[in-house]
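Participant: Here it is: the structure, laid out below.
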Amino acid sequence: MRQPIIAGNWKMNNTIKDTKALLTDLIPLVADSKAECVVCVPYTNIQTAGEMIKGTNIKLGAENVHWADKGAFTGEISADMLLELGVEYVIIGHSERRQYFGETDETVNKRVLQALKKGLKPIICVGESLEERESGVYKTLLEAQTEKALAGVTSDELDKVVIAYEPIWAIGTGKTATAQEANDTIAIIRNKVAELYCKNCAQNKLRIQYGGSMNPKNASELMAMPEIDGGLIGGASLKAEDFSKVVKY
Ligand code: PEP
């Protein structure tokens, strides 16, 4: 029922020239993928990427969106600006935004509501630190992050929402949660969504990705787990061959 979704998060990498080279290689490599394939690119590359992937099976994503329609918010980007360039997905609440740029559960929620209102599909990131995992508070923390991010989202909108479970200790570190750990933690999030909405909504509408050092070597094991509907891929999305192997796990 839930189509797998693999999304690349390029972060602050790739100039327009790099974008052209990477997508030229990537487009034929993922042409026959069964999973939905998304590239979330820096703002300056959205137009180029959008033109290049038109007519292919790669979807376009951005790395953030502001909650206001427009106005005096220097350095931010609006949903209309993204939509005009063909953006379909937007990453919201990545741990790097939370850690370095003051993103909170409240601002995440405001961005999610704006994305959905405007017709963008949010990829909402949640995740715990190593300390929170080891002390055991991660379960309550993830449930709270999920509930706060989804406040005001209707059950009809859940099929447009993707949650990315990203343990912070596994992002860019080469450490991956074991497939079982990732699966069990995603089940905690899905159960919370079932409690907040309904079992059917959580089972059939909502897709939950794993993110954190997912790569061509561990993708198939992670994707074989019943709760894991996809991946949010950082480092491995910067090389066409690696990313295509994850997309076709
Ligand atoms: C990410 O930034 O979302 C991520 C999962 O990064 P990496 O794959 O490099 O750990």
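Participant: Please go through the stretch 150-168 and pick out each residue that is within 16 Å of the ligand (Cβ to nearest atom) and in a helix (DSSP H, G or I).
Facilitator: Answer for the stretch 150-168, where residues must be within 16 Å of the ligand (Cβ to nearest atom) and in a helix (DSSP H, G or I): just Ile168.
Participant: Any residue in the stretch 175-197 that is surrounded by 15 or more Cβ atoms within 10 Å (Cβ to Cβ), within 22 Å of Ala224 (Cβ to Cβ) and hydroxyl-bearing (Ser, Thr, Tyr)?
Facilitator: yes
Participant: Okay, moving on. Filter the stretch 94-103 for residues that are away from the ligand (no atom under 11 Å from the Cβ) and among the polar types (S, T, N, Q) and give the result. Talk me through it step by step, then tell me what you get.
Facilitator: Narrowing the stretch 94-103 to residues away from the ligand (no atom under 11 Å from the Cβ): 98-103.
Result: Gln99, single match.
Participant: Do you know which residues across the stretch 194-249 are over 16 Å from the mean Cα position of the chain (by Cα) and among the hydroxyl-bearing types (Ser, Thr, Tyr)?
Facilitator: Matches in the stretch 194-249: Tyr197, Ser220, Ser244, Tyr249.
Participant: Count, please, the residues in the stretch 169-192 that happen to be out of contact with any helix residue (DSSP H, G or I) (no Cβ under 7 Å at 6 or more places or on another chain), of a type in the set (Gly, Ala, Ser) and in a loop (DSSP other than H, G, I, E, B).
Facilitator: Residues that pass the stated criteria total 1.
Participant: Starting from residues that are more than 15 Å from the ligand (Cβ to nearest atom) and assigned to a loop (DSSP other than H, G, I, E, B), keep the ones in the stretch 198-228 and report whichever is surrounded by the most Cβ atoms within 10 Å (Cβ to Cβ).
Facilitator: Among residues in the stretch 198-228 that are more than 15 Å from the ligand (Cβ to nearest atom) and assigned to a loop (DSSP other than H, G, I, E, B), the one surrounded by the most Cβ atoms within 10 Å (Cβ to Cβ) is Leu206.
Participant: Mind checking whether some residue in the stretch 104-121 is closer than 27 Å to Gly172 by Cβ, assigned to a strand (DSSP E or B), away from the ligand (no atom under 16 Å from the Cβ) and basic (Lys, Arg)?
Facilitator: Of all residues in the stretch 104-121, those closer than 27 Å to Gly172 by Cβ come to 104-112, 115, 120-121.
Of the ones still in play, those that are also assigned to a strand (DSSP E or B) are 121.
Pick out the ones that are also away from the ligand (no atom under 16 Å from the Cβ) and you get 121.
Now narrow it down to the ones that are basic (Lys, Arg): 121.
Checking the stretch 104-121: at least one residue is closer than 27 Å to Gly172 by Cβ, assigned to a strand (DSSP E or B), away from the ligand (no atom under 16 Å from the Cβ) and basic (Lys, Arg).
Participant: One residue is enough: does the stretch 28-35 have a residue meeting the conditions assigned to a strand (DSSP E or B) and touching a helix residue (DSSP H, G or I) at 6+ places or on another chain (Cβ under 8 Å)?
Facilitator: No, because not a single residue in the stretch 28-35 is assigned to a strand (DSSP E or B) and touching a helix residue (DSSP H, G or I) at 6+ places or on another chain (Cβ under 8 Å).
Throughout, read-outs are computed from the coordinates displayed, never taken from laboratory work. Note that the structure is predicted; figures quoted are calculated from it, not measured. Using ideal geometry, Cβ is built from the backbone for each residue, glycine included, and neighbour counts are taken over all protein chains shown.
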